[in-house]
Amino acid sequence: MSRRKLYRIIIEAVAGILLIFVLVFFLGFRVTSVQVEGNSFYTDDQIKNMVLDAPIANNSVLAGFINTEKSTKDETMIDSITISRVNRNTLLLQVKEKQMIGYIEFQGQCVNFDRQGIIQIITEEPLENVPQIEGIDVKEAVQGERLTGINTRKLNTILSVGKMLEKMEEKPDRLAFNDLNQLVMYYGDIEVRLGDDENMDEKINRLVGILPQLEDMSGILHLENTTEDSESVVFDDATQEEDSGDEEESSSAFDGTGGGTDTGTSGNELEYSDGSDSADTRSRQEQ
């Protein structure tokens, strides 16, 4: 066999191998399914259209090289999107949306702001799981700029508490400042009084442990004087007696580990021990 003929055979073999590789690469790793996780403000289709509008998105290997930061830079509520492969033909888009601390009503609209106090989006209707902030007003609201015209202490309190609430799955319905300019949170019929800004970390930690035990109840949870040394916190359990129309306060005993409860009608306050572990209650006769 001549050297020239041998070279031709080798070239044809290499070309054949490359052709098979190309076919396997583009057909074997063709994207047929896309999963989207972590999105609430945007729909799955909107997320797909944002980042998969490129020819390489059809290949599950090449899709990993898409610059998602560039394709989402103009999207107000997107923090980041990462692309990964579930298998040869399936992509996973993991969305991290910007978290809103709360919103303020301004000129009939909802001004939503983040943990830095930056107005991220102004909407006609409240966003899901974003609490309303009452008791503070703004002089103007410009998307992309920081809240202005607000009492500095109140704003710092809101931002600080808002960051702490991010670890809670259940967000309050609204937050407000009372007549003493102290922050109060509302979860349905539960009013949570936080008092001044001291020991706020401990107050929120207690709230995280206690709140699940107050489901379907109404009343006032007193966290005003809570510190690391506090053995218990007080809950005023208020229920409306249907027959007489008189307001009746009852006491309940909660097992912080998820156990049963004992209820009675003596006293008007419940004292919960460390909410993260247990909730020991003692009734106190109304003075």
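The values are calculated or read from the model by the stated rules, or taken from the named source; none is laboratory data. Please read these numbers as outputs of a predicted model, since none were measured by experiment. Ideal geometry is used to build each Cβ from the backbone, glycine not excepted, and the neighbour counts take in all protein chains shown.
Before moving on, here are some points about what is shown:
- Within region 59-78, if we keep just the residues that are in contact with a strand residue (DSSP E or B) (Cβ under 6 Å, 6 or more places away or on another chain) and assigned to a helix (DSSP H, G or I), the residue that is surrounded by the fewest Cβ atoms within 10 Å (Cβ to Cβ) turns out to be Gly64.
- Counting the residues of region 217-233 that are in contact with a Ser or Thr (Cβ under 7 Å, 6 or more places away or on another chain) and more than 12 Å from Asn199 (Cβ to Cβ) gives 3.
- Selected residue (criterion: nearest to Asp114 (Cα to Cα)) from residues of region 153-186 that are surrounded by 13 or more Cβ atoms within 10 Å (Cβ to Cβ), over 16 Å from the mean Cα position of the chain (by Cα) and hydrophobic (A, V, I, L, M, F, W, C): Leu155
- Residues located in region 132-152, provided they are surrounded by 15 or more Cβ atoms within 10 Å (Cβ to Cβ) and either of a type in the set (Val, Ile, Thr) or assigned to a loop (DSSP other than H, G, I, E, B) (or both): Ile133, Gly135, Ile136, Val138, Ala141, Leu147, Ile150
- Meets criteria (under 30 Å from Asn181 (Cα atoms), outside any loop (DSSP other than H, G, I, E, B) and at pLDDT 90 or above) for Ile81: no
- Restricted to region 187-209, and to residues there that are among the aliphatic types (A, V, I, L, M) and more than 22 Å from Gly117 (Cβ to Cβ), the residue that is nearest to the chain's Cα centre (by Cα) is Val208.
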